[in-house]
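Undergrad: Quick one: structure below, then a few questions.
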Amino acid sequence: MPSTTTGQGTTDALREEARIWLSRLAVGEVRQVDLQAFKRWQHASPAHAAAFEDARRQWQAMRPVIGELLRTDPKIAARHDRMMQGPRVSRRAFLGTAAGAAAIAGVAVAYPPLGLWPAPGEWGADYRTGTGEQQAIAWTERVRITLNTNTRIRRRTAADEIPGIDLLSGEAAIDLAGVGTAFHVVAGAGRAVAESGRFEVRNLAGSVCVTCVEGSVRVEHPAGIRQLQARQQAIYDAMSIGFQARIELDEVSAWRRGELLFRQRPLAQVVDEINRYRPGRIVLMAVSKREQPVSGRFRIAVLDEAIVQLQHTFDLQARTFPAGVLVLS
């Protein structure tokens, strides 16, 4: 994973690479070739070594928060248990050499619930946006793609029958000018295909949502096919696909206007959505408040105002931790 940018770009790239290495070392078997590759990267320069050490310290500092998450959130605890099943002996031996078993044990616990690092399936993206970033891409003369925050896409190969992209994670809006060759977006277990119009695809935490904004979109999934018209939506995971009609486009597409719009959404979902746009992580520990409804319109550029408003509305206490972690209880 060479770093070829300069200045701040180099620093950001090294941080990203350090986090990817930390994630990679925390999952699956680690081979001797992985050990050698990691050592080459780590010793490439003092900046490489410092970036990895900084990532390791951040995970160590967050271990108390992670432990609390595992105690209070059954879904996160279940995901952690699934992740920790399987062979770990060689990984533990490797990590003792690379960064210290205790530190990476924190990574193995934190990696699924906090989601601060790129997941293994997201490596190798052709285009990506960081936290709070959006990017417009003129894909072809008639295809325009807008990437939302923390989004990674990969170009489909020339051998594919229909041109398109893999949405590895995040959210993308596709605008097709006129009628022409079909364009598809592969996300998770399915894909969305359209010849004209506008649609949006969101791929987060194993769940994919396809929204038809204008025209029509065909959603193909092993469990069935859904033909969507404007203001209709399909939601699927690895096993099933569902359908929803007459959705509120104003709320779904608010991000393209630089806003987050919520109508009677549970507080836990609102916090999850804010986390996509804010550096660090907000952790909602107040279990009794998680299902409380929230309605409001917040500007993405000043989300700290939204956090303060939520604190006052729901009488939440805030504690800050390293790496931008904010605990609300």
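Undergrad: Looking at region 249-275, which of the residues that are out of contact with any Lys or Arg (no Cβ under 7 Å at 6 or more places or on another chain) and among the charged types (D, E, K, R) is nearest to Gly170 (Cα to Cα)?
TA: Per the stated criteria, the residue is Glu273.
Residue by residue, here is whether (1) at positive phi; (2) of a type in the set (Asp, Glu); (3) outside the structural domain of Ile165 (by TED's automatic domain parsing) holds:
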| site | (1), (2), (3) |
| --- | --- |
| Val186 | no, no, no |
| Ala192 | no, no, no |
| Cys209 | no, no, no |
| Gly224 | yes, no, no |
| Asp237 | no, yes, no |
| Gly242 | no, no, no |
| Arg246 | yes, no, no |
| Pro266 | no, no, yes |
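Undergrad: Okay, moving on. Tell me which strands (runs of 3 or more DSSP E) are completely within region 280-329 and hold 2 or more residues being of a type outside the set (Lys, Arg) and farther than 29 Å from Arg256 by Cβ, or say none if there are none.
TA: Numbers: elements: 281-284, 293-299, 318-321, 325-328.
In region 280-329, 318-321 are the strands (runs of 3 or more DSSP E) which contain 2 or more residues that are of a type outside the set (Lys, Arg) and farther than 29 Å from Arg256 by Cβ.
Undergrad: Scanning region 249-279 for residues that are basic (Lys, Arg) and part of a helix (DSSP H, G or I), which turns out surrounded by the most Cβ atoms within 10 Å (Cβ to Cβ)?
TA: Once the filter is applied, the top-ranked residue is Arg276.
Undergrad: Residues in region 297-312: is at least one modelled with pLDDT of 95 or more, of a type in the set (Asp, Glu) and either within 20 Å of Ser169 (Cα to Cα) or touching a strand residue (DSSP E or B) at 6+ places or on another chain (Cβ under 9 Å) (or both)?
TA: No: region 297-312 contains no residue that is modelled with pLDDT of 95 or more, of a type in the set (Asp, Glu) and either within 20 Å of Ser169 (Cα to Cα) or touching a strand residue (DSSP E or B) at 6+ places or on another chain (Cβ under 9 Å) (or both).
Undergrad: Hey, another quick one. Test of understanding: among Arg218, Arg226, which residue is without any contact (Cβ under 8 Å) to a residue 24 or more places away in the chain, of a type outside the set (A, V, I, L, M) and either in a loop (DSSP other than H, G, I, E, B) or buried (at least 16 other Cβ atoms within 10 Å of the Cβ) (or both)?
TA: None of the other options fit; the residue is Arg226.
Undergrad: To continue, here is another question. Looking at (1) out of contact with any strand residue (DSSP E or B) (no Cβ under 8 Å at 6 or more places or on another chain); (2) in contact (Cβ under 8 Å) with a residue 60 or more places away in the chain, can you tell me which one Val283 breaks?
TA: Only one criterion in (1) out of contact with any strand residue (DSSP E or B) (no Cβ under 8 Å at 6 or more places or on another chain); (2) in contact (Cβ under 8 Å) with a residue 60 or more places away in the chain is unmet by Val283, namely (1).
Undergrad: Under the condition of being small (Gly, Ala, Ser) and part of a strand (DSSP E or B), which residue from region 229-246 is nearest to Tyr277 (Cα to Cα)? I'd like the intermediate steps shown before the answer.
TA: So in region 229-246, the residues small (Gly, Ala, Ser) come out as 230, 234, 238, 240, 242, 245.
Within this subset, residues satisfying the condition of being part of a strand (DSSP E or B) are 234, 242, 245.
Numbers: Ala234: 24, Gly242: 27, Ala245: 27 Å.
Checked region 229-246; the qualifying residue nearest to Tyr277 (Cα to Cα) is Ala234.
Undergrad: Name the residues in region 168-201 that are farther than 14 Å from Ser216 by Cβ, hydrophobic (A, V, I, L, M, F, W, C) and touching a residue at least 40 places away in the same chain (Cβ under 8 Å), would you?
TA: Once the filter is applied, which keeps residues that are farther than 14 Å from Ser216 by Cβ, hydrophobic (A, V, I, L, M, F, W, C) and touching a residue at least 40 places away in the same chain (Cβ under 8 Å), region 168-201 yields Leu168, Ala173, Ala189.
The values are calculated or read from the model by the stated rules, or taken from the named source; none is laboratory data. Quick caveat, the model's predicted, so the values are computed rather than measured. Here the Cβ is made from the backbone with ideal geometry for all residues, glycine too, and neighbour counts use every protein chain on show.
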